[in-house]
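The values are calculated or read from the model by the stated rules, or taken from the named source; none is laboratory data. Computed from a predicted model, the values in this text were never measured in an experiment. Quick reminder, even Gly has a Cβ in these numbers, built from the backbone with ideal geometry, and neighbours come from all protein chains shown.
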Ligand code: UDP
């Protein structure tokens with residue numbers, strides 16, 4: 001049986017593809033290569049270039065891959081700042097893409113989907129750490145689009161025999177342990193890779209967006225989850241659905257928050273570089289703190305995060321040092 005990985009050439013999707021193959025699964029990848037890299041996808045996976053919003057294309061993939069045991073969805077847009085500027089782009093791709101996908105899954109009687117949701121669905125949470133029952137009130141179009149996707153999955157699951165798991169990522173970072181695949185965005189906006197680009201001498205300094213948040217040092221606090229831990233949760237989520245687990249959403253984080261300044265300090269220790277920084281204005285759409293209580297995933301999926309922030313940055317640093325220009329070489 002085949003696992004169909006949508007967005008398998010992207011940052012998270014390429015690590016999922018790699019690990020599903022390593023664990024002996026048969027894997028097919030779909031990616032439109034808008035942000036992903038063909039070189040990030042192992043040759044052992046069958047590759048289809050195209051867009052999940054294109055129903056004919058997607059139906060063709062489902063026809064060729066006639067034995068799909070589950071779909072992993074990693075092909076949504078995921079930048080908070082960009083979503084504030086281009087909200088419709090987010091609804092069109094994230095919500096529209098998921099709608100077409102669910103339709104085609106139904107048509108081909110594919111029963112399980114695991115998809116990436118996000119801490120951004122919670123907005124400014126009333127409690128910390130955030131549990132699955134914390135009210136979801138997104139404050140940016142990215143988070144809103146993922147919340148709509150969660151709700152759409154839930155309604156479709158109630159109307160059909162499809163089951164889903166929504167994994168609400170907190171802040172994903174890091175790379176495969178051997179540094180062979182990693183994070184390579186054309187226009188990097190994420191904190192850890194930008195910090196490491198400064199360490200590599202590719203940027204002059206890191207601008208920290210705001211130091212007047214309601215946190216201990218005034219900079220935003222985030223809960224960083226390592227790539228290896230994240231992918232392990234996906235594989236366990238698919239196994240859970242395959243063994244009759246009911247549709248559900250799980251927070252994925254470590255219950256430990258680090259401020260932007262603490263992340264910077266950890267990166268200085270890992271890399272041994274000074275990494276010049278400057279405090280700048282706030283970025284639109286950023287909540288003060290997002291920290292996950294992931295005990296539900298730990299209990300239900302038998303999952304346990306093991307990578308520390310130092311591990312995460314060390315893995316990312318290895319990737320960035322080995323591939324200073326990403327997949328461009
Ligand atoms: N951030 C920053 N400088 C940058 C990039 C990000 O200060 O150049 C901050 C950002 O405002 C947020 C945190 O780092 O407080 C994490 O942002 P990132 O974009 O990495 O992930 P997000 O939380 O948006 O998913």
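So, in region 43-61, how many residues would count as being under 19 Å from residue 109 (Cα atoms) and either in contact with a strand residue (DSSP E or B) (Cβ under 6 Å, 6 or more places away or on another chain) or part of a helix (DSSP H, G or I) (or both)?
Qualifying residue count, region 43-61: 8.
Closer than 26 Å to residue 15 by Cβ and more than 18 Å from the chain's Cα centre (by Cα) - does that describe any residue in region 139-150?
No.
If a residue must be within 16 Å of the ligand (Cβ to nearest atom) and surrounded by fewer than 19 Cβ atoms within 10 Å (Cβ to Cβ), how many such residues does region 276-306 contain?
So the count comes out to 10.
Return yes when residue 239 is surrounded by fewer than 24 Cβ atoms within 10 Å (Cβ to Cβ), in the same structural domain as residue 23 (by the TED database) and either without any contact (Cβ under 8 Å) to a residue 12 or more places away in the chain or over 30 Å from residue 4 (Cα atoms) (or both) and no when it is not.
Numbers: surrounded by fewer than 24 Cβ atoms within 10 Å (Cβ to Cβ): yes; in the same structural domain as residue 23 (by the TED database): yes; either without any contact (Cβ under 8 Å) to a residue 12 or more places away in the chain or over 30 Å from residue 4 (Cα atoms) (or both): yes.
The answer is yes for residue 239.
Just the residues that are over 20 Å from residue 14 (Cβ atoms), more than 16 Å from the ligand (Cβ to nearest atom), touching a residue at least 60 places away in the same chain (Cβ under 8 Å) and assigned to a helix (DSSP H, G or I), please, taken from region 87-121.
102, the sole residue that qualifies.
Just to be sure I understand, how many residues within region 188-240 are in a helix (DSSP H, G or I) and more than 9 Å from the ligand (Cβ to nearest atom)?
18
Just the residues that are in contact with a strand residue (DSSP E or B) (Cβ under 8 Å, 6 or more places away or on another chain) and either surrounded by fewer than 22 Cβ atoms within 10 Å (Cβ to Cβ) or not in a strand (DSSP E or B) (or both), please, taken from region 242-251.
Residues satisfying the conditions are 242, 245, 246, 247, 248, 249.
Can you tell me which residue in region 66-86 is nearest to residue 232 (Cα to Cα), limited to those that are surrounded by fewer than 16 Cβ atoms within 10 Å (Cβ to Cβ) and within 16 Å of the ligand (Cβ to nearest atom)?
From region 66-86, those surrounded by fewer than 16 Cβ atoms within 10 Å (Cβ to Cβ) are 66-67, 81, 85-86; that's our starting set.
Subset that is within 16 Å of the ligand (Cβ to nearest atom): 81, 85-86.
On the way: 81: 28, 85: 33, 86: 32 Å.
Result: 81.
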